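What follows is a set of notes on a single structure, which appears directly below.
The values are calculated or read from the model by the stated rules, or taken from the named source; none is laboratory data. This is a predicted model, so every value here is computed, not measured. Backbone-built Cβ (ideal geometry, glycine too); neighbour counts: all protein chains shown. Ligands, DNA and RNA are stripped out before the accessible areas are found, and what is left, the full protein with its side chains, is counted by its heavy atoms. Shrake-Rupley method; radii C 1.70, N 1.55, O 1.52, S 1.80 Å.
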Amino acid sequence: MRWLLLPLLLLALLAPRTECPLRPVIQGPSVQAGAAPELLIPPLRVGHPLAPLGTDRAGRDAVCLLRRGLARSLLVSLSVLALGVLPGLALGLWLAWRPRLTLPGEVMVLLALVLLLGRDAFRPVLALGVCLLTARLVAVRGAAVLREPFVEGALALGAAPRHLLIRHLWPHLRPGLPAVLATVLSSVFVWLMELGALGFHDQPVLSVGFTDSYDRTPDLLALPLNADLGQLISFFRWTWLDTPEQLVWPVLLLIALTLALKDVARRAAPRG
């Protein structure tokens, strides 16, 4: 599955820099030569010539939304990875010396903190999750290395902790760091989907009202702006009866990205 990473990265790099245009009415091709163009009311279904993957109820093309959502998800995930991986590495090395100490599950901590602190703490909470998961993975591997006979022999000879860290522990942890990073990054994408399903994200929402002369109360349509894939899933789950494919596409994209990263982690893990 790791071969999926290349097309997914290319899709993210080709994402448009501006927001996908809203099209309450879509201008279609002319039915006859010289006639006025056909006006289409979104959503367009999958397979339509003007939108191969369909549109949402606001007329935004699904290809545009998926490209921007994938790019946004990668940006958020890499930023929180950069914030949390080094503290997690340090915490994991410290926990390797204290195997009796355990960390709480990351998902429950994320859910509790984001409910307590709100949307403003979205990225710091994700960075904390990266820190905890990195620490857990490093601590498990480090504790296994510290139980090896050569480490016990060094301790018996009076080796200092700094010597053990530099000469014995770190050389055995370093080859597995790519697998740790890939595992943590794939988990961040899952967290984006889980938190997005609960309505937590860090981007604004546009509310559009639709009405006519016979109805004084407008129908409000909430549209995510600059949304990651998790936020797209959060909003499209409310309109899946009208446009089920618009919910399926971001879910499939997140699943493919997660499976590809997990495959990278499995391949990068040290043997033995």
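Find all pairs meeting these conditions: Cβ atoms under 6 angstrom apart; at least six residues apart or on different chains; first residue within segment 72-93 and touching a residue at least 60 places away in the same chain (Cβ under 8 Å); second residue open to solvent by 60 Å² or more (accessible area, probe 1.4 Å) and in a helix (DSSP H, G or I).
So the pair list comes out as V80/R123.
Among (1) touching a residue at least 60 places away in the same chain (Cβ under 8 Å); (2) surrounded by fewer than 21 Cβ atoms within 10 Å (Cβ to Cβ), which single condition is L65 missing?
Of everything listed in (1) touching a residue at least 60 places away in the same chain (Cβ under 8 Å); (2) surrounded by fewer than 21 Cβ atoms within 10 Å (Cβ to Cβ), L65 misses just condition (2).
Suppose we keep only residues that are open to solvent by 70 Å² or more (accessible area, probe 1.4 Å) and in contact with a helix residue (DSSP H, G or I) (Cβ under 6 Å, 6 or more places away or on another chain) within segment 238-267. Which one would you say is farthest from R57 (Cα to Cα)?
The residue in question is K262.
What are the residues in segment 95-106 that are in contact (Cβ under 8 Å) with a residue 12 or more places away in the chain and either open to solvent by 60 Å² or more (accessible area, probe 1.4 Å) or polar (S, T, N, Q) (or both), if any?
Scanning segment 95-106 gives W97, P99, P104.
Residues L74, L116: which one is among the aliphatic types (A, V, I, L, M), under 30 Å from L9 (Cα atoms), assigned to a helix (DSSP H, G or I) and open to solvent by 20 Å² or more (accessible area, probe 1.4 Å)?
Testing whether each residue is among the aliphatic types (A, V, I, L, M), under 30 Å from L9 (Cα atoms), assigned to a helix (DSSP H, G or I) and open to solvent by 20 Å² or more (accessible area, probe 1.4 Å) leaves just L74.
Modelled with pLDDT of 80 or more and out of contact with any Phe, Trp or Tyr (no Cβ under 9 Å at 6 or more places or on another chain): which single residue out of R216, R174, R162 fits that description?
Being modelled with pLDDT of 80 or more and out of contact with any Phe, Trp or Tyr (no Cβ under 9 Å at 6 or more places or on another chain) holds for just one of R216, R174, R162, which is R174.
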